[in-house]
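First the structure, in the form of structure tokens, and then the observations on it.
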Amino acid sequence: YELANGTSPDGSTRMPLSANIVNTMNNLVFNIFSVPSVNGYFLENSHGSFYWQNAGILGPVALTAAETANFYATHSDDNGDGTDEVDWESAAGNNYLLGLIATKTGYNFAQWDSNGDGSITQDELSIMLFGNHSHLNPAINNRNGANRPIGGTLTTVPVPGQNVTLRIKVATLDHRASFMTIAHELSHSLGTTDLYGPGNLSAGLTLMGATLYPVNDDRRTVHFDPWHKMRFGWVRPRIFTLGPGGVATVTAAQFEPVDTPVILYDPARGTSEYFMIEYRNSAPSGGGGHDADLRY
């Protein structure tokens, strides 16, 4: 979607939507033969067991000046902290955008209501919204290509004329967002957890670390962490106790074996505490090499 030309609430001038945005996003998200691509990234991390089906790329949908002003006026308290999130950071903003997109495109959302209950939920459809939020302003250049995270509150948008309601969390992204940010926000549709920690020390080590970079269209890539891969069922860790000695060979994460991580635990402390070991390097694999920018 393209917001009307003008000044954003922070005082900066909005950039126009990227040229050829539909072809760019189609290639970046779905083309497994392009590096990087979101589908290639998930195929490599899942050892070929998971990828995203293309349900359609809509737009670009142009918002009028009045619609843009209405969008920036939306707000909702989505995490219950007593402070409202605004525009693209809020569930209310996503509701407003999705309503406009559904109305202006006439897209058949109802086709994804696979159980016929009148609600389209996260297990039936995931949505990413790309818009021209980024700015060129030295005082706030850390927002160039930035995004805001997937909403903590479900969108609830009745689709006009289709007798279905969208009840999902939407990933709202800037059109110049980094590749890692796009994959990170989409992964929340699968139930991933942010692993920022104090000082963002996990950045550059896992997709679920901090992924905002002060440049447009950043294309660096690093794998998921083994904990998330294990939760998705993409890897099968080998489990050892810490007491006796032993030897285990750990293959680089981007290569074929799915039983590469090792879990070490102390029976005296129980199974809720453990070390997980994975071998990571930036050498190209037989696939797209989506761990190429691993930070040692």
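The values are calculated or read from the model by the stated rules, or taken from the named source; none is laboratory data. All of these numbers come straight from a predicted model, not from anything done at the bench. Note: ideal-geometry Cβ built from the backbone for every residue, glycine included; neighbour counts use all protein chains shown. These accessible areas exclude ligands, DNA and RNA; they are computed on the full protein's heavy atoms, side chains included. Shrake-Rupley method; radii C 1.70, N 1.55, O 1.52, S 1.80 Å.
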Next on the checklist: Suppose we keep only residues that are out of contact with any strand residue (DSSP E or B) (no Cβ under 7 Å at 6 or more places or on another chain) and either hydrophobic (A, V, I, L, M, F, W, C) or open to solvent by 30 Å² or more (accessible area, probe 1.4 Å) (or both) within segment 169-190. Which one would you say is nearest to ASP123 (Cα to Cα)?
Outcome noted: LEU190
Next on the checklist: What's the total number of residues in segment 251-273 that are acidic (Asp, Glu) and either assigned to a strand (DSSP E or B) or open to solvent by less than 10 Å² (accessible area, probe 1.4 Å) (or both)?
Outcome noted: 0
Checklist entry - Which one of ALA110, ALA102 is touching a residue at least 40 places away in the same chain (Cβ under 8 Å), out of contact with any Leu (no Cβ under 7 Å at 6 or more places or on another chain) and under 21 Å from ILE21 (Cα atoms)? => result ALA102
Checklist entry - With respect to THR121, is the statement that it is within 22 Å of VAL29 (Cβ to Cβ) and open to solvent by 20 Å² or more (accessible area, probe 1.4 Å) true? => result yes
Item to check | Of residues in segment 33-57 being within 17 Å of the chain's Cα centre (by Cα) and without any contact (Cβ under 8 Å) to a residue 24 or more places away in the chain, the one nearest to PHE179 (Cα to Cα) | outcome: ASN39
Item to check | Failed item, numbered, when GLY199 is tested on (1) in a strand (DSSP E or B); (2) open to solvent by 10 Å² or more (accessible area, probe 1.4 Å) | outcome: (1)
Checklist entry - in a loop (DSSP other than H, G, I, E, B) and hydroxyl-bearing (Ser, Thr, Tyr), is that true of TYR96? => result no
Item to check | Subset of segment 61-85 [in contact with a Ser or Thr (Cβ under 7 Å, 6 or more places away or on another chain) and among the β-branched types (Val, Ile, Thr)] | outcome: VAL61, THR74
Checklist outcome for this item: Residues of segment 61-77 being open to solvent by 20 Å² or more (accessible area, probe 1.4 Å) and in a helix (DSSP H, G or I), in sequence order, are ALA65, ALA66, GLU67, ALA69, ASN70, TYR72
Checklist outcome for this item: Scanning segment 216-232 for residues that are in contact with a Ser or Thr (Cβ under 8 Å, 6 or more places away or on another chain) and assigned to a loop (DSSP other than H, G, I, E, B) gives ASN216, ASP217, ASP218, ARG219, ARG220, VAL222, HIS223, PHE224, ASP225
Checklist outcome for this item: Matching residues in segment 63-86 (touching a residue at least 40 places away in the same chain (Cβ under 8 Å) and of a type in the set (S, T, N, Q)) number 4
Checklist entry - If you scan segment 25-46, which residues turn out to be hydroxyl-bearing (Ser, Thr, Tyr) and open to solvent by 20 Å² or more (accessible area, probe 1.4 Å)? => result SER34
Item to check | Flag if THR193 is β-branched (Val, Ile, Thr), at pLDDT below 95 and open to solvent by less than 50 Å² (accessible area, probe 1.4 Å) | outcome: no
Item to check | Within segment 78-93, considering residues that are in contact with a Gly (Cβ under 6 Å, 6 or more places away or on another chain) and more than 17 Å from SER8 (Cα to Cα), the one least open to solvent (accessible area, probe 1.4 Å) | outcome: ALA91
